[in-house]
Structures are given as structure tokens and as C-alpha cells.
1. Mind ordering 219-231, 164-176 by average Cβ neighbours within 10 Å, highest first?
2. Rounded to the nearest 0.05, what FRET efficiency do K200 and H283 have when you use their Cβ-Cβ distance and R0 = 25 Å?
3. Greater than 25 Å separation of Cα atoms is the criterion. Which listed pairs, K78/K223; K139/K175; K126/K168; K78/K126; K78/K152, meet it?
4. Extension gain D49-D218, at 0.36 nm per residue separation less the Cα-Cα distance, in nm?
5. Can you tell me the order of 189-195, 232-238 when each peptide is scored by its average per-residue count of other Cβ atoms within 10 angstrom, highest first?
6. Could you give the nm distance between label points at K139 and N276, where each point is 7 Å from its Cα heading toward the beta carbon?
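Read the figures in this text as sums done on the coordinates, not as results from a lab. Predicted model only: the values in this text are computed from it and were never measured. Don't worry about glycine lacking a Cβ; one is built from the backbone with ideal geometry, like all the others, and counts go over all protein chains shown.
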Amino acid sequence: MASEPVNLTKQETEHVNTEFKLEKSVTNSERDWIEKSWGSTVRYEKLSDGSYRENRRGEYVKIKEHDVTINTATHQYKNAGGATGLTYTVINTKKYNTQKDDLGVSYERNRAQVYFTTTTDIPQDKVLAVQFLGAEIEKGNSGTGYDPVQFKVQDYGIYLYNPETGEKGDWLSVKENNNYFGEGVGITAGTSFGVYFVDKDGNYITSTDNVIGNFDDDPHQLKTYDINGNVVYQTTDKHFLCMFTNTFESGQLNQTHWEFMLQTTLDNPYFAVNPNDFGTDVHIDNPVVNGQPLPGTLATLLVGSLCAGALRKNKKS
């Protein structure tokens, strides 16, 4: 079994009551998926006083009280290079399904909501910035729960995140920040942030609200560059994190999703990458590698975050 960059295991339990608002015409596939994911379901209609009355034709699917597993421990985030300047925290996690490894031993796969935090231990001779080491769209064949045509990624990036309040700060686009998120956009020692992508309809799919998985079994080949701009391919069996939209196509959960792997300029080894080599449709005009334009890049670039303040998007929550 391939090694994992994060361990989305269950550690403690919280008893909660969750409500899903769905259309009246909920398919059997949708109901089966909800029950598999979040517990048994009952149809309700919501009354004017805010209470519920059971009604099999009701507009709401209300989830009965059930156990949700919470993992609030902080762990080191590991990518293709091994060590990074990041930790991760799993807000909550739920078993996805049970698989067997090559030796026939069963293990659980989980989904979770995750945010990242930069290290507070920054050497004096180093500059901290977050980058994407890889990003791609995972597509499959139609009829298998995948949507190979309609799934699009318009943009992706990170957003500042307050773990105490759950508030989201500025949305920092990878296109507008050239795959370089540093001090000028608020990434300093001990900064927490989430990861997002923008789907074809302009929706922001986030790592703290949506579904993250680490069950990508395939090794990935990373196209990296040495100091002279020569291509050096790196292969990693560390899983990219998979982020899902939880949308349904033809009555079944759409399994097509976006995947990513992070790094920081503190990584040892640090892999210089060009995000235009990633497997997405997102183009970045002037990608930055460790504070400098990628070797061989012809465009003039305002390095670092001198103009980053003007690039921030309005705060969204």
C-alpha cells in the first residue's frame, strides 16, 4: 500500500445532529450515499415555528443524531520531499469505505475537512512562502460515477483561516499570486489556511467545508527543474489529497475531483515546479519558484509580494 501524506484516522467522537437541505426528488442513489456517509436518514418538513414534522414527501432530509469523529491533533504534513514547513489539522473525519492492501489486510479510508498551518520555526536566512507542488483533475469514464466532460477548474489557491472562529479571510488565487503565497499576502509564521478550487459554476470548494480524501493509490510523476532550468522528473508514492464537490450526476455521486500537493520554500529538498505543467486548465502567466521567476521564463515579474496587496480578493465566508 502506498504511503500517505496525512493520516485521516478517527481519534475522538462527538454526538451531533446534522441537517441536509435537498430537493424534494431525492434519488435512491443520493439517499444511499447520504446514509453510507453520515448515518440513517428520515424525511421531514420544516414548520413555521422551526420545528420538524416527519413527512416522507418533505423537502428536507434530516440526519438523525449520530456520531461524527473528530481529530483535532496537529501532525506534520509530508509531501514528495518528506519534510515541509507545514502541519495539518483534521477538523472532522468520517470513514469512507474499507479496502484491503496487497497482503489482504483491511484498512479504512476516510474523508475529512482539513486546514494547514505554517511552522513558527523559520531560519533567519530563509523566507517562508507556500506553493503548490502539484495539482490535477482526476477523471474517469462516464457511467462509473465520473463526469469527464462537465467538471472544470477555473482557479485554485489558498485562503486565510481562523481555527478559533472558523472565519475565512482573503482568497489568494494561484493565478494572481503566481503560485507564491508569502508574507505580503498574510502568510507568516504560524498562519493557518485552507485550500480551495473554483468549479465551472464559480463555486468555491474548500478544504474546511467540503470533502477531502487521501485514497489516491497511484504514484505521481512530478516535473521539476534544477537551478539551470533543466527538467528533472521526480516520482512520489505519497498521495495527493483529493477534494470533492459532492455533486450528483445521473443519480450518483460524481467521483471526478481535483487533487493537490503542497510545499513551502522551507522544504528540504525543495522542488522547483512550473504550475503550467500541472494537470489542470488553469494557466499562470509568471510562476514564481522560491521567490524568483522559473529559469527560462521571459516575462518580467514583480518578485515576491510587492504588489500582492492589490491582488487580494474581497473577503468571503
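1. Working: 219-231: 13.5, 164-176: 17.2.
The densest-packed peptide leads the list: 164-176, 219-231.
2. Working: r = 16 Å, r/R0 = 0.64.
The pair K200/H283 has a calculated efficiency of 0.95.
3. Details: K78/K223 18 Å; K139/K175 23 Å; K126/K168 27 Å; K78/K126 19 Å; K78/K152 27 Å.
Pairs exceeding the cut-off: K126/K168; K78/K152.
4. So the chain would gain 55.7 nm between D49 and D218.
5. Numbers: 189-195: 19.7, 232-238: 14.1.
So the peptides 189-195, 232-238, ranked by packing, come out 189-195, 232-238.
6. It works out to 2.1 nm between the two label points.
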